[in-house]
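Notes for the one structure printed next.
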Amino acid sequence: MKRVAIQGGLGAYHDIAARTYFGEEIEIVPCLTFKEIFLRAREERELIGIMAMENTIAGGLLLNHDLLKLNDMKIAGEHKLRISHTLSALPGQTVQDIREIISHPMALMQCADFIESLPDVKIVEHEDTALAAKDIMEGKLSGVAAICSKLAAEVYGLEVLRAGIETNKRNFTRFLVLAHEEMVPEIRKSDMIDKASLVFVLPHSEGSLSRVLSVLSFYDINLTRIQSLPIIGREWEYQFYIDLTFASYERYQQSIKAILPLVGNLKILGEYVEDKHIIAD
């Protein structure tokens, strides 16, 4: 059975993404932080990781970009999950009974309109949506509700008071499936690789980025995402994380060779199959 490390508790959206991606019975290994996923994987090379990278509303998780760069796990796949939040509490309560809501800051932000409709409710940030539900169950916290997934409510015995409370129904999170290089072929869903993620540094000179983009365009490579992050200790210099899609793996390889003279410290974070199947309500 595959062992998959996630950030958060059972019933978290990472848990849902992992089970959906693999479509088979897996063992979930909960971790308190994203960094812990990589630390555990150093000790257990067959451990798979799954990590959120970006959300259509909140944007990219910037710290996770550096974790990918600094560790040796590769991206083996991706899964785009529709995020639907519930307001859940101990059984027998109503929305009118709730005086406090706890959840992860991102989930609270994504449900801002619903929260504003509730008068005199205290908002408390938590490290994880599912663990917020767990705390309510273990502490038997009456009058307290969690914003969490339906699965988390089921796992921890809470009652769903309201479902679909997210403000924007086009709320998706992109998760990356991570594995050590020797395991990547087993984790990929297909040998038809059509997406890659890279990181590199550019010289602090005029037109350096546009030259790289021109080369990629020449080889028919589609840039689907670009994220710049500052280089610590080198003021006003940046590293660039990019996602590429392509129809020809051979042309993609040629493009990488062509940009090598233009960039520094290039690292291929993963070559994998793009998740094109997005289902929205």
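For (1) open to solvent by 70 Å² or more (accessible area, probe 1.4 Å); (2) assigned to a strand (DSSP E or B); (3) in contact with a Lys or Arg (Cβ under 8 Å, 6 or more places away or on another chain), each residue gets a yes or a no:
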| site | (1), (2), (3) |
| --- | --- |
| F175 | no, yes, yes |
| L178 | no, yes, yes |
| E182 | yes, no, yes |
| E186 | yes, no, no |
| M192 | yes, no, no |
| Q227 | no, yes, no |
| I232 | yes, no, no |
| Q253 | yes, no, no |
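Evaluated against (1) free of Cβ contacts under 8 Å to residues at least 24 places away in the same chain; (2) within 17 Å of G8 (Cα to Cα), L81 falls short on exactly one condition, (1). When S210 is tested against (1) of a type outside the set (D, E, K, R); (2) in a strand (DSSP E or B); (3) over 28 Å from A17 (Cβ atoms), just one condition goes unmet, and that condition is (2).
When each of Y219, Y249, Y238 is tested for being more than 26 Å from G59 (Cα to Cα) and open to solvent by 60 Å² or more (accessible area, probe 1.4 Å), the lone residue that passes is Y249. Of all the numbered requirements in (1) modelled with pLDDT under 95; (2) touching a strand residue (DSSP E or B) at 6+ places or on another chain (Cβ under 9 Å), V273 misses one, and that requirement is (1). Considering L67, L90, L39, L81, the condition of being touching a strand residue (DSSP E or B) at 6+ places or on another chain (Cβ under 9 Å) and exposed (fewer than 15 other Cβ atoms within 10 Å of the Cβ) is satisfied by L39 alone. Filtering region 223-281 to residues that are free of Cβ contacts under 8 Å to residues at least 40 places away in the same chain and of a type in the set (S, T, N, Q) leaves T224, S228, S248, Q253, Q254.
The values are calculated or read from the model by the stated rules, or taken from the named source; none is laboratory data. The structure displayed is predicted, hence computed values, not measured ones. Don't worry about glycine lacking a Cβ; one is built from the backbone with ideal geometry, like all the others, and counts go over all protein chains shown. Each accessible area value is taken on the protein alone, full model and side chains, heavy atoms only, with ligands, DNA and RNA left out. Shrake-Rupley method; radii C 1.70, N 1.55, O 1.52, S 1.80 Å.
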